[in-house]
1. Give a quick list of trypsin sites (Lys or Arg not before Pro) in segment 159-251 that DSSP marks as loop, anything other than H, G, I, E or B, with at most 14 other Cβ atoms within 10 Å.
2. Compute and list, largest first, the equivalent-ellipsoid semi-axes of segment 426-490 from the alpha carbon gyration tensor, each √(5λ) rounded to a whole angstrom.
3. Using the scaling law 2.2 N^0.38 Å as the reference, what is the normalised Cα Rg of segment 421-554?
4. For Lys483, list long-range residues whose amide hydrogen, built 1.01 Å from N in the peptide plane, is under 5 Å from its own amide hydrogen.
5. What does the highest-first list of 335-345, 253-263, 138-148 look like by mean Cβ count within 10 Å?
6. Provide the net charge surrounding His539, with neighbours chosen by a C-beta distance below 10 Å and charges set as Lys +1, Arg +1, Asp -1, Glu -1.
7. Stokes-Einstein diffusion coefficient for segment 125-180 at 10 °C in a medium of 1.306 mPa s, Rh from the Kirkwood formula over Cα pairs: what value in µm²/s?
8. Please figure out what share of the DSSP beta bridges in segment 109-301 is antiparallel and state it in percent, rounded to the nearest 5.
Amino acid sequence: MFRWTVFVSALALSSTAFAQQAEAPARVAQGKDTVAARNAIINRPLPPAEAAMKAHVMFLASDAMRGRDAGSHEYDIAAHYVAAQFYAAGLKPAGDAGSYLQHVPLMAYKVDGKGAFTLRVGDRTIPLRFGKDYLPSPNPAAVDTKVSGEIVYVGQGIVAPQYKRDDYAGADVRGKVVALRTGAPSSFNGEERAHFGSMRTKLVEAAKHGAVGAVILLTPGTTLSGSRNAGRERVTWMDRQGNGFTPAPQTPLLGVLGGDAVTALGKAAGMREKKLGKALYGDTPIVFPATLSVEIRTARRRMDSSNVAGLLPGSDPALKDQVVILSAHLDHVGVGKPDETGDTIYNGAEDNAVGIASLIEEAKKFQASGKPPRRSILFLAVTAEEKGLVGSEYFAHNPTLPKDHLVADVNLDMPILTYPFEDVIAFGADRSTLGPIVRQAAADAGVAFSPDPMPEMGLFVRSDHYRFVQQGIPSVFLWPGEKGPGKAAVELFFAEHYHKPSDELGKDGIDWAQGVRFIDVNYQIARAIADADQRPAWHKGDFFGTLYHGYGAQ
C-alpha cells in the first residue's frame, strides 16, 4: 500500500499481550521461530473455502515471487497466475487484443547529475550549490529541462473558493517560476486537505495560472536534506510519444531552494531574515526581483508491466453496458534491506496478496451463484500501486472498455485479516450513493458499518480507487473495521509487518476464516451495486464529484 508513512507514525504500538497472542502460532519452545514450525503453520489443513483463498496467497507471497516488484519477471509470473485464475472463474478477457493482460508502459526516471541552478539579482549572477542551496527534481516529460523566470512566492499555492482561499490573488505568474511551501491548512476537511496538500494539485494550479515551473522554497536557516536521495528513481507511465506522464508537463517541479538561495532572495526583496521567514509562513504573494535559471537532465528508462482484467458480463439488456470495477493491486515492493533475520524478500502477503486472493474468490462466488449480475463487473488487478498508484492511473486514462461505461469502483487494498472483524469501513462512502449500498450490503452480510475512524489522514486519496475518482467515477476503498480487537490488530500490523519482510505466511497470523467472511461482504457489496436499479452517483455538490465532473455532482 502506497503513502502510509503518516498513518504509520500516527499509530501507537499495540499492547504486548495482543502482540504475543497474534504471534503465538508462529512460535515454538523458547519463543524461537523454526522452519519446521513455520511450515507446519503454512501447511495445516483448512476448510475448502479458506484453503482456496490461502492457496493464492501461498503462491503470490512465496519467496519465489521475490516481492512482485512492478516491472520484474516475477511480477509478470504473478500476473499470468491471476489471468489463469480469472479464466478459471469464468471471466472474459478484458485486456489487450483479446487477452487478460493490459500492457502498461512504465517509465523509471531520476535526475542525471546535479543539474545547474543560478540566481540573477540585478546585474549579479549567483551560482547555487547542489545539496546546500538547491536539490533538483527529475522531469519525466523531458530529458532536458531548461527554465528561466522571475520568482513569485504564492504560499501553499492553493485556490479553494469553498474555503475562501486564493493564494494567487493579486499575483501574475505567467511566464514565471512559482515558489511554494508544502502542505495545506489543518482547518480543511481531511480528504480535501490531502488533495490540496498534494504537489500534483499545486503544479496543476500553477499551470492554470501560466507558470513555467515551480520550486519548493524553504524558510531561512532551514538545512536542505535528502541530497543522497536526489538520484532516487521514481516511476510513472509513458504516453504514446514515449514521455513520462505528469499532470502538468508545462509546469514541472524544478526542485527545492534553501541556504544561500533563500538569503539572496530575501536581500533582493529588502527583507531581513526574520521578516522573510515570517512572510514565508504567510500566504500573501511576494514578487522577488530575481530570476531563477535551471537546467536539469533526467535519465529515463522503460519498464514494461501489466494490469490484469477479467469481465463478468451483465445480464440486463438495459444495464449490462454499465461496468462496476472491483480493483486490487498485485505488486509489492520487491527485494530490499534485510531485516534482523537477514530476510531481504518483502513478500507482501497482506499487502496485497490477500486483496488479490479476495478478488479471485469473489469472481468464483459470482460464478457459483448461477445468477449473473445485472451490470457487468470488471475484476482488475493493477500494477505499480507501490510506485504511486501508477497502474490504476494508466488504466483510468487508457481503459480497455469505453470510459463512459465505467460507473463505480470498489477497491481492496491490504485488508488486515488477523482478527475477527466486527465492522467494515468504506473510505469515501459518504460522498456518493455507494454509501447506503455498502451499509445495507454489510448489514445483509451480518457486519456493522463504521465511519472513517481517521478522517484527518485523508485515506480516500491514498489508494488505487482515487485514480478512478479523478476520472469522475464514484469509488470507495473497503477495509475491515477497528471495532473490538480491530484497532490493536491494525496497530500491530503497522508496527511489526508493514513493508517489511515479515509480511509473509507463517508470521502474520492471517485468520483465513475472516478472509472468507471478508470475501462474502465484498460479494454482497458488489452484487448490490451491480443489481441496483440506479447507477451510482455523486452526492450533489460533493467536492470531488464536482471537481472531476462526476455523474450526479452538478
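1. When the trypsin sites (Lys or Arg not before Pro) of segment 159-251 are filtered for loop state and at most 14 Cβ neighbours within 10 Å, Lys164, Arg174, Arg232, Arg240 remain.
2. In descending order the semi-axes read 21, 16, 9 Å.
3. Details: Rg = 16.0 Å, N = 134, 2.2 N^0.38 = 14.1 Å.
With N residues counted in segment 421-554, Rg over 2.2 N^0.38 Å equals 1.13.
4. Glu422, Asp423
5. Going by the mean number of other Cβ atoms within 10 Å, highest first, we get 253-263, 138-148, 335-345.
6. It works out to a net charge of 0.
7. Rounded to a whole number, D works out at 115 µm²/s.
8. On the way: 29 of 41 bridges.
If I count the DSSP bridges inside segment 109-301, around 70 percent turn out antiparallel.
Any read-out appearing in this document is the output of simple, stated calculations on the displayed coordinates, not a laboratory observation. Because the structure is a prediction, the values reported are computed rather than measured. Don't worry about glycine lacking a Cβ; one is built from the backbone with ideal geometry, like all the others, and counts go over all protein chains shown.
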